[in-house]
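Comments concern the structure below.
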Amino acid sequence: MATMDAPAPGARPLLNRRLAEFGTTIFAEMSALAVRTGSINLGQGFPDTDGPDEIREAAVKALRDGRGNQYPPGSGVPELRTAVADHQERFHGLRLDPDTEVLVTTGATEAIAAALLALVEPGDEVIALEPYYDSYAACVAMAGGRRVPVTLRPRDGAYHLDLDELRDAITDRTRLILLNTPHNPTGTVLTRAELAAIAALAVEHDLLVVSDEVYEHLVFDGEHIPIATFPGMRERTVTIGSAGKSFSFTGWKVGWVTAAPELVSAVRSAKQYLTYVSAGPFQYAVAAALRLPTAYFDTLREEHRTKRDLLSAGLADAGFGVYRPAGTYFVTTDIRPLGETDGHAFCRALPERAGVVAIPNAVFYDHREQGAPFVRFAFCKRDEVLREAVTRLQGLRGAR
Ligand code: PMP
Ligand code: GLN
C-alpha cells in the first residue's frame, strides 16, 4: 500500500495541499521511538497512572447499566453538561446554562477542530501564541484559515508574551485569537494583566477568542483565570476543557466547550458532522469526576508540583537550561548549555544516548529557528520513573 506521502497513480499527491505540511504528529513519532527503544517516554504528555478508581468504576457501571451505550444526545448527556456548568461556577465563577452554553466533545482536540471549522472563513487570519500545540496549525489549515503566530520569548527563566507584538499582528482580516493558558509547551500561565490586555484587544477589534484551558487545574505559580470572565468576553469566547488532563484519563477522549449560546450552536454545527456525538458511558463517569471534592483537584496540583520540582531540578543538574513551568505538566529546556543546538537531532539521538524520549519544541513553531535549541519533557509520570530518567540524563554532560 502507498504511504501517505507517496504520489498517487497519476502523480497527484494523495494528501491534499491543506494538509501536505502535516505528516505524522511528533507525539506518535516519538512514542513509537520510545516503544522501539524501550526508553522512558517523557515525550507525549500522558500520565503513567490512571485517574481515580471510583471514576473508572463509574465508567464500568455506566457500560453495565446500559447508560450511553447507544447514541447519546449531540450536545452531550445532560448529567455531564450540568456537571461542566457547575464546575465552571465552582472554580471560575462562570454561570452557564447547561442546555445552551455547554457542548461535550471528543477530547479537547475535537473542540479545537470544531471551533475553528465553525468560526473561520477561508482566508481569515487566526492568531496563535507560538510555540503552539500542534493540532492548532493543522486545524487552522483544514478550516482554510491563515495562521499568524505571535512568539512567546524566553527571558529570565520563563516565556513571555509581548503585547505590542500581539497588537501588531492584528489586521482587518483577523477573525480570532487562539489562546492557550496554561500554555503547552512553555508552561507559561498568562497573568490577569495580560489577559485583560488581550481581552481589551479582542473587544476593540471585534475578535473571537478560542481559549484552550485544558491545564486549568495544573497551575503551580500564579492563578488560572478564564478569559471569558473579562468584560466583553463572555459573548466572544469559546472555552475548552478536557477530562484527559484534569482526571488523568487521556484515552477516554472527553472534552467540552463552554460559550454563549450562539457560539455553542455554531461549534455544534461542525461537531455534529465530525463525530455526531461523543462516547456515551465515559460521559457519565466524567460527570462524576467533575463533581469530585475540591481536595481532589488540590492533590492533583500538589502531586504535579512535586513532579515539576523533581524533574526541573534533575534536568538542571544534568546540565540543561530549565524553564520551570508555572503550569501544565511540561518543562521546556535549553540544550545549548550541553553544547547542542538542534533539538530535533538531539531528541532523535536521546533514546540511544540516555534511554529517554523528549519532544523538540521546534515542531511547535512557524519560526522554527526560534525553537531549535529547546526540548520539552513531560513530568506526568510516577516519581520513580522521573528519578530514573534524571539519573539516565546525568550522563549527557561531558559525554560529547
Ligand atoms: N490542547 C492542549 C494544549 C493539549 O496539550 C492537548 C493534549 N493533550 C489537547 C488540547 C488535546 O486534549 P484531548 O486529549 O482532550 O483531545
Ligand atoms: N497533549 C499531549 C502533548 O502535548 C499529547 C497529545 C497528542 O498525542 N496528540 O504531549
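Laid out as a table, the results:
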| quantity | calculated |
| --- | --- |
| Odd one out for residue 238, checked against (1) within 19 Å of residue 115 (Cα to Cα); (2) in contact (Cβ under 8 Å) with a residue 40 or more places away in the chain; (3) out of contact with any helix residue (DSSP H, G or I) (no Cβ under 7 Å at 6 or more places or on another chain) | (3) |
| Verdict on residue 214 being away from ligand 2 (no atom under 14 Å from the Cβ) and either crowded, with 22+ Cβ neighbours inside 10 Å or in a strand (DSSP E or B) (or both) | no |
| Residues (more than 14 Å from residue 292 (Cβ to Cβ) and within 13 Å of ligand 2 (Cβ to nearest atom)) located in segment 246-256 | 250, 251, 253, 255 |
| Criterion violated by residue 277 - all others in (1) more than 16 Å from ligand 2 (Cβ to nearest atom); (2) in a helix (DSSP H, G or I); (3) more than 18 Å from residue 246 (Cβ to Cβ); (4) touching a Pro at 6+ places or on another chain (Cβ under 7 Å) satisfied | (2) |
| Residue in segment 33-49 that is nearest to ligand 2 (Cβ to nearest atom), counting only those that are of a type in the set (S, T, N, Q) and in a loop (DSSP other than H, G, I, E, B) | 44 |
| All positions within segment 372-389 that are more than 16 Å from ligand 1 (Cβ to nearest atom), surrounded by 19 or more Cβ atoms within 10 Å (Cβ to Cβ) and outside any strand (DSSP E or B) | 372, 373, 386, 389 |
| Members of segment 46-84 found to be touching a strand residue (DSSP E or B) at 6+ places or on another chain (Cβ under 9 Å) and of a type in the set (Phe, Trp, Tyr), listed by number | 46 |
| Single match in 174, 100, 105, 82 (criterion: at pLDDT 95 or above and crowded, with 24+ Cβ neighbours inside 10 Å) | 105 |
| Residue count for segment 157-208, restricted to those that are closer than 18 Å to residue 220 by Cα and touching a residue at least 40 places away in the same chain (Cβ under 8 Å) | 13 |
| Test for residue 113: is it away from ligand 1 (no atom under 16 Å from the Cβ), touching a residue at least 24 places away in the same chain (Cβ under 8 Å) and in contact with a helix residue (DSSP H, G or I) (Cβ under 9 Å, 6 or more places away or on another chain) | no |
| The listed residue being more than 24 Å from residue 222 (Cα to Cα), small (Gly, Ala, Ser) and in contact (Cβ under 8 Å) with a residue 24 or more places away in the chain, out of 314, 319 | 319 |
| Test result for residue 64, among the basic types (Lys, Arg), over 22 Å from the mean Cα position of the chain (by Cα) and surrounded by 16 or more Cβ atoms within 10 Å (Cβ to Cβ) | no |
| Matching residues in segment 351-371 - criterion: being assigned to a loop (DSSP other than H, G, I, E, B) and among the aliphatic types (A, V, I, L, M) | 358 |
| Pair list, Cβ < 6 Å and 6+ apart or interchain, from segment 375-394 residues that are without any contact (Cβ under 8 Å) to a residue 12 or more places away in the chain to residues that are surrounded by 14 or more Cβ atoms within 10 Å (Cβ to Cβ) and not in a strand (DSSP E or B) | none |
| Candidate set from segment 311-341 (those that are within 16 Å of ligand 2 (Cβ to nearest atom) and assigned to a loop (DSSP other than H, G, I, E, B)); member that is surrounded by the fewest Cβ atoms within 10 Å (Cβ to Cβ) | 329 |
| Residues located in segment 33-51, provided they are away from ligand 1 (no atom under 16 Å from the Cβ) and surrounded by 13 or more Cβ atoms within 10 Å (Cβ to Cβ) | 33, 34, 37, 39, 40 |
| Number of positions in segment 208-241 that are more than 15 Å from ligand 1 (Cβ to nearest atom) and hydroxyl-bearing (Ser, Thr, Tyr) | 2 |
| Filter result for the condition that a residue is within 15 Å of ligand 1 (Cβ to nearest atom), out of contact with any strand residue (DSSP E or B) (no Cβ under 8 Å at 6 or more places or on another chain) and assigned to a helix (DSSP H, G or I), over 251, 244 | 251 |
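The values are calculated or read from the model by the stated rules, or taken from the named source; none is laboratory data. Everything numeric in this text was worked out from a predicted model, so none of it was measured. Cβ sites come from the backbone with ideal geometry, for glycine too, and all protein chains shown count toward neighbours.
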